[in-house]
Amino acid sequence: MSRRPGTPQLLRELNDRAALELLLDTGPLTRAQIGERTGLSKVTASQLLSRLQERGLIGLVGEQAGGRGPNAALYGVIPGSAYVAGLDVGPNSVTVGITDITDITGSQATEVTVDPNGQAEPVRVVHDALARACASAGVAEAQLSAVVIGTPGVLDPRTGDMRFAFDLPHWHEGVLDGLRTDLRRPVLIENDVNLVAIAEREYGAATDVEDFCLIWIDRGVGMAIMLSRRLYRGRSGGAGEIGYLPVPGVPLPDSVRESQSWGTPALAGGFGSLVGADAVVDLAREHGLSAPNAVDCVAAAVSSADSGFLDELATRISLGVASVGIVLDPELLVIAGELGRAGGSQLATRINRAVGRICPVTPHIAVTEVDGNPVLRGALYAALERAREELLDSTATT
């Protein structure tokens, strides 16, 4: 694309993009408000609104009452002009969210959870789940502008394709091309914990933080790294696979076994085996807690103020947190996942104390503040971001 410094056409494109981005970020505005917030004159603001309307990018969406005189027209991106989908894919369920491109937070998404019913082929699983979610939302599949899929496992940072996932053995190289061919629209696969970190950055405990790490303790154990508010993936996409971290007291992470809690493959050594669901349940039993699963055990300990169990669990988690602190020295470390949410501030305080005993640097430790399904919230945000960028690019004329 040739550069056109200072040409009227380029200036029009920049003004159109600025106004459209403003409407996407803030919602409907009057012509005067658009001019005031962009620094454009009334004439220029009127001209760009006419151009954006003619191209079907915005429309009149209401009126704003003022003082004397007629109400001012409100302009906005037309609701229903485009939709996006986010998916949280696990071995036993797929949750899909469908939302309008004007939904800034994804909080108005229609959510549908489906059981793959033994269907293992990724393209068919995603296709069927999307079809059911679109039907529930009353949205035609052709109206989807972008699809972002969250899965456990490692992705190739160069191609965006799957490399491997413990509990999704059919998700491997070639899946991304298959999905794009089948769905015929932009599709992005992202590590589920990375999507949780995106949700935490936009809606949770890290909204005002530049550098933070997030440790996810749920069905699996993982970590996401955010530096200067951007995901750090590493050379091969494996940054954050903290479950493999060798730690004292457990075997090396050189083999797998079936998780008694989840019935899926899990590491038989390393940090993942020390804080995974089976290990937490075993620890709880040693302290006389009989709740049926790891999350319930932690919740029961918090309710009964069982300091012995919580202290020992915090010590185990601190081994991973201290390793992250020594290497990256982040400003904030978020404990996420259902186990972290169940432990709340009681667990976070104990982790912070345990880290302080073994580490010269201690990040501020917080519990996740993201409401709802954090993988889905992150997937919807990423899909909205992609669709909006495509819409903003459409302001450029050919």
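The values are calculated or read from the model by the stated rules, or taken from the named source; none is laboratory data. Predicted, not measured: the structure shown is a model, and the values here were computed from it. Note that each Cβ is placed from the backbone with ideal geometry, even for glycine, and that neighbours are counted across all protein chains shown.
Taking segment 348-398 as the range and being surrounded by fewer than 22 Cβ atoms within 10 Å (Cβ to Cβ), more than 20 Å from the chain's Cα centre (by Cα) and of a type in the set (A, V, I, L, M, F, W, C) as the test, the residues that pass are ALA348, ILE358, CYS359, VAL361, LEU391, LEU392, ALA396. If I filter segment 20-29 for residues that are part of a strand (DSSP E or B), farther than 30 Å from GLU258 by Cα and of a type outside the set (Ser, Thr, Tyr), do I get at least one hit? Looking through segment 20-29, at least one residue is part of a strand (DSSP E or B), farther than 30 Å from GLU258 by Cα and of a type outside the set (Ser, Thr, Tyr). Quick check: anything in segment 274-297 farther than 30 Å from THR159 by Cβ, touching a helix residue (DSSP H, G or I) at 6+ places or on another chain (Cβ under 9 Å), of a type in the set (Ser, Thr, Tyr) and surrounded by fewer than 19 Cβ atoms within 10 Å (Cβ to Cβ)? Checked segment 274-297: at least one residue is farther than 30 Å from THR159 by Cβ, touching a helix residue (DSSP H, G or I) at 6+ places or on another chain (Cβ under 9 Å), of a type in the set (Ser, Thr, Tyr) and surrounded by fewer than 19 Cβ atoms within 10 Å (Cβ to Cβ). Note on segment 88-99: residues that are over 17 Å from the mean Cα position of the chain (by Cα) and either without any contact (Cβ under 8 Å) to a residue 24 or more places away in the chain or part of a strand (DSSP E or B) (or both) amount to 1. For segment 158-165, indicate whether the set of residues that are closer than 16 Å to TYR381 by Cβ and part of a loop (DSSP other than H, G, I, E, B) is non-empty. So far as segment 158-165 goes, no, none of its residues is closer than 16 Å to TYR381 by Cβ and part of a loop (DSSP other than H, G, I, E, B).
In summary, GLY62 fulfils each of the numbered conditions (1) outside any loop (DSSP other than H, G, I, E, B); (2) touching a Pro at 6+ places or on another chain (Cβ under 8 Å); (3) surrounded by 14 or more Cβ atoms within 10 Å (Cβ to Cβ) with the single exception of condition (3). Restricting attention to segment 230-266, the residues being at positive phi and either outside the structural domain of PRO330 (by TED's automatic domain parsing) or in contact with a strand residue (DSSP E or B) (Cβ under 9 Å, 6 or more places away or on another chain) (or both) number 3. Tell me, yes or no, whether segment 300-313 has at least one residue that is under 26 Å from the mean Cα position of the chain (by Cα) and not charged (D, E, K, R). Checking segment 300-313: not a single residue is under 26 Å from the mean Cα position of the chain (by Cα) and not charged (D, E, K, R). Is at least one residue of segment 102-116 modelled with pLDDT under 95, over 20 Å from the mean Cα position of the chain (by Cα) and not hydroxyl-bearing (Ser, Thr, Tyr)? Yes, segment 102-116 has at least one match.
Among residues of segment 119-132 that are assigned by TED's automatic domain parsing to the domain that holds TRP171 and of a type in the set (S, T, N, Q), those with a Cβ under 9 angstrom from a residue that is part of a helix (DSSP H, G or I) and surrounded by fewer than 20 Cβ atoms within 10 Å (Cβ to Cβ), sequence gap 6+ or separate chain, pair up as GLN119/ASP128. Hey, can you tell me all the residues within segment 33-59 that are of a type in the set (A, V, I, L, M) and under 22 Å from ILE101 (Cα atoms)? Residues satisfying the conditions are ILE34, LEU48, LEU49, LEU52, LEU57, ILE58. Taking the criterion of being farther than 23 Å from MET223 by Cβ and of a type in the set (Ser, Thr, Tyr), the residues of segment 267-323 that qualify are SER290, SER303, SER304, SER307. Of the residues LEU328, LEU392, LEU333, the single one that is out of contact with any helix residue (DSSP H, G or I) (no Cβ under 8 Å at 6 or more places or on another chain), touching a residue at least 60 places away in the same chain (Cβ under 8 Å) and among the aliphatic types (A, V, I, L, M) is LEU328. Return yes when VAL139 is surrounded by 13 or more Cβ atoms within 10 Å (Cβ to Cβ), outside any loop (DSSP other than H, G, I, E, B) and either in contact (Cβ under 8 Å) with a residue 40 or more places away in the chain or in the same structural domain as ARG388 (by TED's automatic domain parsing) (or both) and no when it is not. Criteria not met by VAL139. Go through the residues of segment 240-255 one by one and say whether even a single one is more than 28 Å from ASP208 (Cβ to Cβ), surrounded by fewer than 17 Cβ atoms within 10 Å (Cβ to Cβ), touching a Ser or Thr at 6+ places or on another chain (Cβ under 8 Å) and not aromatic (Phe, Trp, Tyr). Looking through segment 240-255, at least one residue is more than 28 Å from ASP208 (Cβ to Cβ), surrounded by fewer than 17 Cβ atoms within 10 Å (Cβ to Cβ), touching a Ser or Thr at 6+ places or on another chain (Cβ under 8 Å) and not aromatic (Phe, Trp, Tyr).
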